[in-house]
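Participant: One structure, pasted below without further comment.
The values are calculated or read from the model by the stated rules, or taken from the named source; none is laboratory data. These numbers come from a predicted model, not from an experiment. Reconstructed Cβ throughout: ideal geometry from the backbone, glycine too, with neighbour counts over all protein chains shown. Heavy atoms of the whole protein, side chains included, go into the accessibility calculation; ligands, DNA and RNA do not. Shrake-Rupley method; radii C 1.70, N 1.55, O 1.52, S 1.80 Å.
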Amino acid sequence: MTARTHDVAALTALILYVIAVPPESLTVATGLTAILANQLGGIAPDIDQPTAPLWRNLPVGRYFGRIFGALVGGHRFFCHSLIGLAAFSVGSLLVLQFIQPLLPNVDISFVWVAFILGVLSHLFMDTLTKEGVPWLLPLPYKIGLPPVRQWRVTTGKKVEMLFVLPLLIAIATWLCASNYSELAALLQNNLTK
């Protein structure tokens, strides 16, 4: 899937989580940091390719991207597996705990969940593509849905752009609209500082 589709999928997953498990309190800092973390999580598994946004935006980033990609086995290998998910989980938690003193009004556990939801949404969306995802690495199988490869989405092509992306936008909009009262109450009653 393209970065845009991953962004919308990550946000949709976060909206669904907030509706299903409403936070008891939510500061402005936590909300904004969670959205940022969610969007970073939505593209994080693609750091295994030298053309990833992270590498493109760093000086000499393409070189670091090539080295990192080689170390993790290339695109859709380690970073797109349950082992990679565990590494992202531990790594992001350590980073968040390290920067916690700089962000005293931020609920780090909620931000961490937002990041992991972004990573999970990325892996799920890539499971829908023709390439599939090696969820069970080190087993050498890529898993894709639906099971018939020809029925899966080709990244960046018409099905993704004209069906998958608009469907995700529609789902996110529907979730917000159908849960407007709960989301408004969350923002009005719990959003502090």
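Participant: Answer with one residue from 86, 173, 122: the one whose Cα lies farthest towards the positive end of the charge dipole of the chain, charges on Cβ with Lys, Arg +1 and Asp, Glu -1.
Facilitator: 122
Participant: For residue 56 and residue 3 in one chain, what is 0.36 nm times their gap in residues minus the Cα-Cα distance, to one decimal in nm?
Facilitator: Details: separation 53, 0.36 × 53 = 19.08 nm, distance 1.34 nm.
So the chain would gain 17.7 nm between residue 56 and residue 3.
Participant: Continuing with this model, one more query. Ordering 160, 182, 131 by accessible area with a probe of 1.4 Å, largest first, what comes out? Each step should come with its number before you reach the end.
Facilitator: Numbers: 160 0, 182 115, 131 80 Å².
Of 160, 182, 131, the descending order of accessible area is 182, 131, 160.
Participant: Give me the accessible area per residue for the chain, probe 1.4 Å, as a whole number in Å².
Facilitator: 56 Å²
Participant: Let me ask another. I'd like the carbon and sulfur percentage of the solvent accessible area for the stretch 138-187, probe radius 1.4 Å, heavy atoms only, ligands and nucleic acids excluded.
Facilitator: 73 percent
Participant: If you plug each phi of the stretch 161-175 into the Karplus form 6.51 cos²θ - 1.76 cosθ + 1.60 with θ = phi - 60°, what whole-Hz ³J(HN,Hα) values come out, in order, with x for Gly and Pro?
Facilitator: Whole-Hz 3J(HN,Hα) from phi for the stretch 161-175: 6, 9, 10, 5, 4, x, 5, 4, 4, 5, 5, 4, 5, 4, 4.
Participant: Separate question: Would you count, across the chain, every pair of lysines whose alpha carbons are under 30 angstrom apart, provided the pair is eight or more residues apart or spans two chains?
Facilitator: Summing the qualifying lysine pairs gives 5.
Participant: Cβ neighbours within 10 Å, averaged per peptide: list 151-157, 57-63 in order, most packed at the top. Intermediate results must be reported in sequence, preceding the final value.
Facilitator: Values: 151-157: 15.3, 57-63: 11.1.
Ranking the peptides 151-157, 57-63 by packing returns 151-157, 57-63.
Participant: If you find the alpha carbon centre of the stretch 72-117 and of the stretch 152-193, how far apart are they in angstrom?
Facilitator: Measuring centre to centre over Cα atoms gives 23 Å.
Participant: Could I ask something else about it? I'd like the Karplus ³J(HN,Hα) series for the stretch 101-110: coefficients 6.51, -1.76, 1.60, θ = phi - 60°, whole numbers in Hz, and an x wherever there's a Gly or Pro.
Facilitator: For the stretch 101-110, the Karplus curve yields x, 7, 10, x, 9, 10, 7, 4, 5, 5 Hz.
Participant: Running a GNM on the chain with Cα contacts under 10 Å, which residue among 108, 116, 99 ends up with the highest mean-square fluctuation?
Facilitator: With Cα springs under 10 Å in the chain, the top fluctuation among 108, 116, 99 is at 99.
Participant: Amide H to amide H, which residues 5 or more places from residue 133 or on other chains are under 5 Å from it, using H placed in the peptide plane?
Facilitator: Excluding prolines and chain starts, which carry no amide H, the hits are 143, 144.
Participant: Find the relative contact order for the chain and round it to a whole percent, using C-alpha pairs within less than 8 Å whose residues are 6+ positions apart.
Facilitator: RCO, the chain: 33 percent.
Participant: Same structure again: What dipole magnitude, in Debye to the nearest 20, does the chain give about its Cα centre under +1 on Lys/Arg Cβ and -1 on Asp/Glu Cβ? Could you put the intermediate results ahead of the total?
Facilitator: Details: 12 positive and 9 negative charges, 144 e Å.
Dipole magnitude for the chain comes out near 700 debye.
Participant: A follow-up question, please. What list of ³J(HN,Hα) couplings, whole Hz, do you get for the stretch 138-148 from phi and the Karplus terms 6.51, -1.76, 1.60, once you set θ to phi - 60° and write x for glycine and proline?
Facilitator: x, 5, x, 10, 9, 9, x, 10, x, x, 7
Participant: Spin-label point model (7 Å from Cα, Cβ direction): what's the residue 97 to residue 35 distance in nm?
Facilitator: With each label placed 7 Å out from Cα toward Cβ, I get 2.9 nm.
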